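Okay, structure first, notes after.
A short reminder: the numbers here are calculations on the coordinates, not readings from a lab. Please read all numbers here as calculations on a predicted model, not as lab measurements. Quick reminder, even Gly has a Cβ in these numbers, built from the backbone with ideal geometry, and neighbours come from all protein chains shown.
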Amino acid sequence: MRKRSRIIWTAGLILSTGLLGLEPVLAQSITSAEVERDLQFIPIDDGSAHSEALRNFRPSADAVSHLRGGALSLPFFDDFSTPSIPYSDGSLPGFEAFQRWELGSARRTETFAIESPTIGAATLDGMNRFGEPYNFVEVNTPGWCDTLTSLPIALNGYFPESNVHLMFHYQAGGRGNAPDVGEDFLVLEFKSTDDVSGEVFWTEVWSSDSTATDAFERVFVPVDQFPNLVNDFQFRFRNYGALAGNVDLWHLDYILLDDQIIPAEFQVVSEVAITEPVSTLLRDFTRMPWNHFVANPAYYMRDSLLINQRNFGTQADNINYGFSMDYESNVDVYEAPVQNTNVQPQTAFNTTLYIGENPLGESFVFDTEVADTTATFKVSVWQSSIGLLHTEKEGVPDNDSIVFLQVFENDFAYDDGTAEKAYALTAAGGKLAVRYSLEVPDTLLGLAIHFTPYYTNADDETFLLRAWQDSLGIPGAELSENYQFQSPQYFNEGYDLFAFYEYDDPIPVEGNIHVGLVQANEVGLNFGLDKNTNANVGQLHYSLGLGGSWINSEINGSVMIRPVLRANKTEAWSDVLENESSVVSGLRVYPNPANGDACQIQIPAACSWQLWSMEGRLLQSGQWPNAGVYECDLTGLSAGMYVLVSDSGESVQILRN
């Protein structure tokens with residue numbers, strides 16, 4: 001008997017994902033059966049990073065002009081820290097003022113480029129905007145792939161002597177698959193229109209087949225020809241390479257088009273920017289059950305974290321830094337008692353932010369009195385420069401804060417919720433086990449697993465859930481018996497979705513446990529592999545079949561398998577808190593997940609409402625005249641996650657099974 005799984009949550013609770021160093025960029029086999037693979041689909045949660053800056057953003061005059069139908073004016077700038085590329089359906093709900101690009105196939109990413117100038121980059125590869133390969137059959141067929149095309153820009157009134165230049169930074173490969181030298185290219189093209197025929201021409205003005213995979217290179221291209229100095233000038237980037245998916249990657253960042261640029265004398269916008277995200281203040285986990293945390297809170301707090309930054313300016317500066325904690329709109333600010341002094345210009349640097357065991361002052365611990373069973377804190381790690389005379393950056397938010405959610409539900413997680421690569425066992429009867437240490441006795445209900453699509457569709461393969469006692473750090477005796485066959489579940493409603501797989505019966509557990517599965521065949525099941533955390537070494541073990549011994553994993557990263565516990569809750573899941581929009585809301589939904597064609601929405605006051613897909617498509621809207629409970633019709637909607645938003649700005653996520 002096969003037991004079908006159901007979606008439990010999106011993994012988008014990490015609002016910015018990390019860039020922690022160079023990793024192998026090609027698929028590789030560490031042993032004959034344990035493999036790490038480049039992904040076919042790349043996760044990105046557009047609009048989630050820098051939410052503090054987004055809330056304070058005011059659109060520039062050129063952005064407002066564009067919204068009224070006009071061309072953008074100089075300067076044209078994008079560092080991809082904000083949603084500037086339309087979603088796959090062409091929408092940018094709530095972020096229209098940030099738009100700088102036409103609907104195309106390039107996408108904004110946060111975890112594939114290495115040491116990008118600021119958080120976020122535009123990535124071009126062999127997939128269309130829906131995450132599908134251009135040519136999935138002829139794997140080695142090359143051709144033109146992604147395109148990133150600017151909105152029209154008003155350059156009429158400028159002259160060759162105006163020194164209009166396009167500056168940009170690019171990187172080949174990064175953490176993903178690198179282009180092949182001499183075979184794959186990134187090109188830049190300018191648009192011009194024939195005055196007589198009106199025919200549009202795209203002219204190549206720059207190209208690269210660079211071998212640089214771990215550094216960004218800066219380029220200046222002059223825009224000094226009259227066919228380009230018009231009121232609807234556009235430029236575009238295109239890549240030529242394999243059409244078979246997430247291969248031959250190129251990354252673009254910090255793009256500026258402006259006049260009076262002399263490359264030899266150019267100074268970038270004066271800015272001290274945070275360059276890599278932060279995902280947790282906990283020692284070992286990105287999320288954990290609340291009842292386990294409150295039993296020993298000081299132990300689970302990390303002592304410190306490293307903030308990665310870059311001074312773009314031309315003068316040394318002093319940096320204040322700290323973090324803020326928001327729980328149900330009660331905000332506490334924790335400023336570091338010292339400054340990072342004399343930060344040198346044009347350099348990358350880092351700052352140590354002390355949390356637990358703080359040698360500079362009082363240690364921080366999440367307040368254990370705020371809740372009984374679950375809690376979600378909104379954390380903002382921030383910086384502010386003291387002496388730097390910032391150049392005005394109208395319409396561009398500073399890269400001076402990282403916001404993420406610290407979630408305490410009823411699951412443990414090592415991973416940060418994003419899969420940069422895939423992990424698979426290629427052995428019939430192969431076993432996979434992840435070790436977790438429990439603070440208090442509990443009941444194991446099931447596993448939340450993210451399976452990543454990778455070339456072979458494995459949804460007809462089967463596996464059995466398993467749990468083991470700990471035996472000197474490796475799996476020992478099996479806990480309980482499980483005979484229900486399960487299958488990998490993939491989704492087209494969004495990236496990084498987890499499926500929940502229940503054990504045949506709840507399992508009492510305590511101390512160190514190992515959770516995982518045994519697969520039936522040698523076909524790899526392709527688990528999500530987070531490359532920005534590294535819990536595999538020491539925590540992940542595998543066995544190559546019946547009677548095989550347990551082997552320590554040698555692949556860096558964190559396999560995305562999470563144990564789901566009772567954790568003092570009366571049911572497996574009573575709420576879904578996954579991104580910033582669902583933190584603290586007067587809206588209540590039940591049941592959630594919704595098992596049928598409707599769910600009940602409790603509202604505190606009369607409101608207008610809208611139901612959105614996770615891709616940003618408006619699906620339904622209406623009005624509820626009074627406080628009370630109303631039915632939300634889900635008929636015709638596929639299984640997946642949806643967001644209900646009220647006119648008060650409150651929102652709640654709805655999960656439909």
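General observations
- Length gained when the stretch residue 598-residue 647 is fully extended (0.36 nm per residue, less Cα-Cα span): 15.5 nm
- Theoretical FRET efficiency, 1/(1+(r/R0)^6), r = Cβ-Cβ of residue 215 and residue 620, R0 35 Å, to 0.05: 0.15
- Rg/Rh (Cα only; Kirkwood hydrodynamic radius) as it applies to the stretch 51-266: 0.96
- FRET E, pair residue 635, residue 89, Förster distance 25 Å, beta-carbon r, rounded to 0.05: 0.75
- When Rg and the Kirkwood radius Rh are both evaluated on Cα atoms of the stretch 274-408, their ratio Rg/Rh stands at 1.01.
- Percentage relative contact order, the stretch 236-388, counting C-alpha pairs under 8 Å, at least six apart: 26 percent
- Solvent-free Debye scattering, log10 I(q)/I(0), computed from the Cα coordinates of the stretch 585-656 at q = 0.19, 0.27 Å⁻¹: -0.68, -1.43
- Here the label points at residue 306 and residue 437, each 7 Å from Cα along the C-beta direction, are separated by 2.2 nm in the simple model.
- Rel. contact order, % - alpha carbon contacts under 8 angstrom, at least six apart, the stretch 149-237: 50 percent
- Dipole magnitude of the stretch 224-352, debye to nearest 20 (Cβ charges: Lys/Arg +1, Asp/Glu -1, about Cα centre): 500 debye
- For residue 223, residues with placed amide H under 5 Å, excluding near neighbours: 164, 165, 166
- Residue 334 paired with residue 460, simple spin-label distance in nm, labels 7 Å along Cα-to-beta-carbon: 5.3 nm
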